[in-house]
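So the structure is just underneath, and the comments pick up after that.
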Amino acid sequence: MRLGSAGSPAIGDAPALLTLTPQDIDLLIQTHSHIDHVGALALFTCPILLTAAERANPQPLYFGTKRPMDWPDRDYRTISADTQICYGLTAILTPGHTNGHLSLLVTEPHPLMLTADAINRATEPAEGSPDADDPATAATSAARLFALADQHQATLIFGHDPQQWRDLPKAPNPLTLPR
């Protein structure tokens, strides 16, 4: 299983670091539709999984009211509840940052909780989730992610934590954790 982001158009040759092309990807899981997560969607031809709430937006979100791009013409597969994608990978609904935000629980081979922007930084919940569309709902989602991570003994990977990012291996190096 390879996980990544369809972030900005600057994604460029990043998949090639894993000896992949965008056409090699079978399913793209879209955590939410902010531009820094959807800017390269048009490069991918595979189906795109996201929440029905997120896809209901007439255009992907930017920040505030700006919407600089259209949804690419793709096969969108929407979910409205926590959904097991495949063995070892479950999409978790985590509204708050956006109404239809998703996080990912990876249970195999090493438990990981990929919070995406539901928890941008380790410090964000204590700060009151200032970047969230709905801070109260974001707090509930963050608490749920912490509980699930504890239950599964999963390592939390935050969406935009510069301190954590500095310490994580970058492609093509795998993220390896002790069992």
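The values are calculated or read from the model by the stated rules, or taken from the named source; none is laboratory data. Just so we're clear, the structure is a prediction, and the values are computed from it rather than from any experiment. All Cβ positions, even for glycine, are placed from backbone atoms using ideal geometry, and neighbour counts span all protein chains on display.
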- Item | segment 118-132 - residue that is out of contact with any strand residue (DSSP E or B) (no Cβ under 7 Å at 6 or more places or on another chain) and buried (at least 16 other Cβ atoms within 10 Å of the Cβ) and, of those, farthest from Pro162 (Cα to Cα) | Ala132
- Message: Regarding segment 53-70, can at least one residue be identified that is assigned by TED's automatic domain parsing to the domain that holds His160, touching a strand residue (DSSP E or B) at 6+ places or on another chain (Cβ under 7 Å), over 22 Å from Gln164 (Cα atoms) and outside any loop (DSSP other than H, G, I, E, B)?
- Response: no
- When the residues of segment 27-39 are filtered to those that are surrounded by 21 or more Cβ atoms within 10 Å (Cβ to Cβ) and assigned to a loop (DSSP other than H, G, I, E, B), which remaining residue is modelled with the lowest pLDDT? Ser33
- Filter result for His101 (in contact with a Pro (Cβ under 6 Å, 6 or more places away or on another chain) and either over 18 Å from Gln30 (Cβ atoms) or not acidic (Asp, Glu) (or both)): yes
- Out of (1) exposed (fewer than 14 other Cβ atoms within 10 Å of the Cβ); (2) β-branched (Val, Ile, Thr); (3) touching a Gly at 6+ places or on another chain (Cβ under 7 Å), the one Thr51 does not meet is (1)
- Hits in segment 147-179 - residues which are under 18 Å from the mean Cα position of the chain (by Cα), in contact (Cβ under 8 Å) with a residue 12 or more places away in the chain and part of a helix (DSSP H, G or I): Leu148, Ala149, Pro162, Gln164
- When you go through Ala143, Ala118, Ala138 one by one, which is the residue that is touching a helix residue (DSSP H, G or I) at 6+ places or on another chain (Cβ under 6 Å), under 26 Å from Gln84 (Cβ atoms) and part of a helix (DSSP H, G or I)? Ala118
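Matching residues to (1) among the hydrophobic types (A, V, I, L, M, F, W, C); (2) surrounded by 11 or more Cβ atoms within 10 Å (Cβ to Cβ); (3) farther than 21 Å from Ala149 by Cβ; (4) touching a residue at least 60 places away in the same chain (Cβ under 8 Å):
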{"site": "Leu61", "(1), (2), (3), (4)": "yes, yes, yes, no"}
{"site": "Trp71", "(1), (2), (3), (4)": "yes, yes, yes, no"}
{"site": "Thr78", "(1), (2), (3), (4)": "no, yes, yes, no"}
{"site": "Asp82", "(1), (2), (3), (4)": "no, yes, no, no"}
{"site": "Ala91", "(1), (2), (3), (4)": "yes, yes, no, yes"}
{"site": "Leu102", "(1), (2), (3), (4)": "yes, yes, no, yes"}
{"site": "Ala116", "(1), (2), (3), (4)": "yes, yes, no, yes"}
- Query: Would segment 141-162 turn up any residue that is modelled with pLDDT of 95 or more and in contact with a Gly (Cβ under 7 Å, 6 or more places away or on another chain)?
  - Reply: yes
